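Read through the structure below, which is laid out as structure tokens, and then see the notes.
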Amino acid sequence: MNLGSRLSSHLVAAAAAAAALVSVAPEADAGIVYRTYNTVIPANIDGLYVNVETGVTGATGGVTPGWDINPYGATALQFFAATGTGYMRFPGSAATTVAGNLVAGTSVDATGSFAAATTAVTFGAAAGNWQLNAVNIVGFRFNAADGLPHYGWARIQVGAAANVRTLLDAGFQDIANTGINAGDTGAPTSGAYCFGDGSGTACPCANNSAAGSGAGCLNSLGSGGLLGSTGVASIAADTAVLAGSGMPNSFALYYQGTAIANSTFGDGLRCAGGSVVRLGTKSNVGGASQYPVAGDQSISVRGGAAAGDTRYYQVWYRNGAVFCNAETFNLSNGYRLVWAP
């Protein structure tokens, strides 16, 4: 039986157990709730009241039960805070009441400084100042229905004057006391996941790789199979390459799944599941190989990916030495690609 057929039989045998795990395995940002609003903020003393948790908006607090944030102002742009709400100052700012215009990716969490009083914004060129004719990001803390602090952000488009503004979208962490990066919508992004370093599911024989290595569970060489990617995951111009390293000089099967898996498998962890496509079997040289190489179909063509698809990849490789379990194979970490048009 060749390597591809053996892998298929192993995957079929594990399918029932893995399917249950796939259905509950979270994405890294599973706690983020994201909504688009595209709602004008009226230029008056009431402005717009927003219940962040439910997404309900209203022209007054009375018609917006449980409101959390309130941008308002007839001429200036100000923020009024509900009990428990605070607006994040720009990191390093000494201002006591100014909600900062955050850089995308800024962590909104308990380490930040939040203004709980009525908060005005400052327009100008200094770091953290708001900008006219631009999209600005405000971070905030609010008390959710569970009575605990949650963190979020909102994107506001400001026009030629401070009283011309629209709430575009907002996101918040549904997990209490957990930070969120400004602008993070929780949508999947390309990158590595499912590491054999003990940060998630334990490796089957306590054969954890080094913390932070990003690799799979250790093999008999004392290294973990490491899967990475170069190039661009684009359907129209696919230059993506999956590159594996840290493996024995053996055969390695690169494969694609439609869902995250999360279970022990052989000497490692199965990270890619759902509907599986075998991309190709390669011979490791110096412990490394890649897919595709000259003569191979591109990943998107071989895997049948379409624009907007998220697919999950892994390398299954032979490790013939008696090392961990009776099965003589191991796997790399998982790698997720989000396919652009």
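At a glance:
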{"item": "Selection status of V50, closer than 13 Å to G152 by Cα, of a type outside the set (S, T, N, Q), more than 22 Å from the chain's Cα centre (by Cα) and modelled with pLDDT of 95 or more", "result": "yes"}
{"item": "Any chance V98 is closer than 18 Å to A125 by Cα, assigned by TED's automatic domain parsing to the domain that holds G55 and in contact (Cβ under 8 Å) with a residue 40 or more places away in the chain", "result": "no"}
{"item": "Filter result (of a type in the set (A, V, I, L, M, F, W, C) and crowded, with 20+ Cβ neighbours inside 10 Å) within segment 280-299", "result": "I299"}
{"item": "Hits in segment 229-258 - residues which are over 15 Å from Y317 (Cβ atoms), surrounded by fewer than 19 Cβ atoms within 10 Å (Cβ to Cβ) and in contact with a Ser or Thr (Cβ under 9 Å, 6 or more places away or on another chain)", "result": "T230, G231, V232, S234, I235, T239, V241, T258"}
{"item": "Every pair of residues 6+ apart whose Cβ atoms lie under 6 Å, when the first sits in segment 306-327 and is free of Cβ contacts under 8 Å to residues at least 12 places away in the same chain while the second is assigned to a strand (DSSP E or B)", "result": "none"}
{"item": "Top-ranked residue of segment 309-338 - restricted to ones that are in contact with a Lys or Arg (Cβ under 7 Å, 6 or more places away or on another chain) and of a type outside the set (S, T, N, Q), ranked as surrounded by the most Cβ atoms within 10 Å (Cβ to Cβ)", "result": "L331"}
{"item": "Failed item in (1) surrounded by 15 or more Cβ atoms within 10 Å (Cβ to Cβ); (2) out of contact with any strand residue (DSSP E or B) (no Cβ under 6 Å at 6 or more places or on another chain), with G179 passing the rest", "result": "(2)"}
{"item": "Residue that is surrounded by 17 or more Cβ atoms within 10 Å (Cβ to Cβ), at pLDDT 90 or above and assigned by TED's automatic domain parsing to the domain that holds D169, where the choices are G105, G124, G112", "result": "G112"}
{"item": "Segment 265-296: number of residues that are within 25 Å of the chain's Cα centre (by Cα) and small (G, A, S)", "result": "5"}
{"item": "Residue within segment 76-87 that is without any contact (Cβ under 8 Å) to a residue 12 or more places away in the chain and surrounded by fewer than 19 Cβ atoms within 10 Å (Cβ to Cβ) present", "result": "no"}
{"item": "Any hit, segment 251-261, residues being of a type in the set (A, V, I, L, M) and either outside the structural domain of V322 (by TED's automatic domain parsing) or within 18 Å of P292 (Cα to Cα) (or both)", "result": "yes"}
{"item": "Of the criteria (1) surrounded by 16 or more Cβ atoms within 10 Å (Cβ to Cβ); (2) modelled with pLDDT under 95, which one R302 fails", "result": "(2)"}
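The values are calculated or read from the model by the stated rules, or taken from the named source; none is laboratory data. The shown structure was predicted, so the numbers you read here are calculated from the model rather than taken from an experiment. Heads up, the Cβs are rebuilt from the backbone with ideal geometry, glycines too, and the neighbour counts pull from every protein chain shown.
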